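The values are calculated or read from the model by the stated rules, or taken from the named source; none is laboratory data. Quick caveat: nothing in here was measured; it's all calculated off a predicted structure. Here the Cβ positions follow ideal geometry from the backbone for every residue, glycine too, while neighbour counts run over all protein chains shown. We work out accessible area using only protein heavy atoms, side chains counted, and drop any ligands, DNA or RNA first. Shrake-Rupley method; radii C 1.70, N 1.55, O 1.52, S 1.80 Å.
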Amino acid sequence: MTDAADGLGEAFDSLRAGRLLTILTGAGISAESGLPTFRGEDGLWEGHHAEELATPEAFARDPVKVWRFYEWRRGLVLAATPNAGHRAVARLQHALPRVAVVTQNVDGLHQEAGSTDVVELHGSIRRVRCTREGTVRPALGAAFSELPPRCPGCGAVLRPDVVWFGEPLPEAAWRRAVEAARQSALLLVVGTSALVTPAAGLVVIAARAGAFVVEVNPDETEATPLAHRVLRAPAAKVLPRIADLAERAPG
Ligand code: OAD
């Protein structure tokens, strides 16, 4: 691998001068925290059928089955800690004037690592939403005593506050993500297969708007043809080097 910093110096000068860095992350950034990704060997969608677990139809048919899956995943998330990749993203946010962190992940590990203002495109497994009132609250405690859990306010069934296949993305999050993609001088695409739309479309939007696109991923993805630089290594290895570069004094 070439040095992560090679050729990125100029881009970082413009970021220090106030241009926007957008970091788009996917499940791969949390892989080194021990959380499974979705696709590929050992991916969640290899052992489970997404249409039976992550659609509104599946939830209507068998809410307990869907909840068991999300409670299992929430247990994994609560036991996990952020890794050097998440911490580097937080460092970048502190080192540069304008950084947007946009994630497809529902694990909350960016926030745990110290990132602020994270745009969560697919919601959070750490929150629940009332299916009747739409109210959102934290999923407190390690496990619910009864499944499906019920809304303390109205008694209706609660659902995980995540986006399922066939559902629109949260409007405000999507708007902020598109705005960030359009304004970016540099887009870091980290640990995503870029197979799921509309999130993957952010790479196209940023590239068309003139962003320099850098992919951080051990494998080739749908985003690779759009990338100006490809760093074929795990996020926890590459991102700290990029954060070092951002923290280095200019010149
Ligand atoms: P995927 O499982 O589709 O892709 C994970 C990517 O991470 C792959 O390209 C891997 O090569 C890469 N990867 C693995 N280990 C890595 C590491 N250590 N460092 C960097 N990259 C690594 O996950 P996503 O692209 O996030 O949506 O999936 C997108 C969406 O599909 C998810 O948000 C979820 C899923 O269905 C919903 O549930 C709505």
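Numbers below:
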| item | result |
| --- | --- |
| Hits in the stretch 158-178 - residues which are small (Gly, Ala, Ser) and surrounded by 21 or more Cβ atoms within 10 Å (Cβ to Cβ) | 177 |
| Every residue from the stretch 179-195 that is surrounded by fewer than 18 Cβ atoms within 10 Å (Cβ to Cβ) and not acidic (Asp, Glu) | 182, 183, 195 |
| Qualifying residue in the stretch 179-190 (condition: modelled with pLDDT under 95 and touching an Asp or Glu at 6+ places or on another chain (Cβ under 9 Å)) | no |
| Criterion: open to solvent by less than 30 Å² (accessible area, probe 1.4 Å) and at pLDDT 95 or above - qualifying residue of 134, 155, 108 | 108 |
| Residue 175 without any contact (Cβ under 8 Å) to a residue 24 or more places away in the chain, in the same structural domain as residue 91 (by TED's automatic domain parsing), basic (Lys, Arg) and away from the ligand (no atom under 13 Å from the Cβ) | yes |
| Positions within the stretch 109-143 being among the hydrophobic types (A, V, I, L, M, F, W, C), away from the ligand (no atom under 16 Å from the Cβ) and in contact with a helix residue (DSSP H, G or I) (Cβ under 7 Å, 6 or more places away or on another chain), in sequence order | 139, 142, 143 |
| Boolean, residue 40 is at pLDDT 95 or above and part of a loop (DSSP other than H, G, I, E, B) | no |
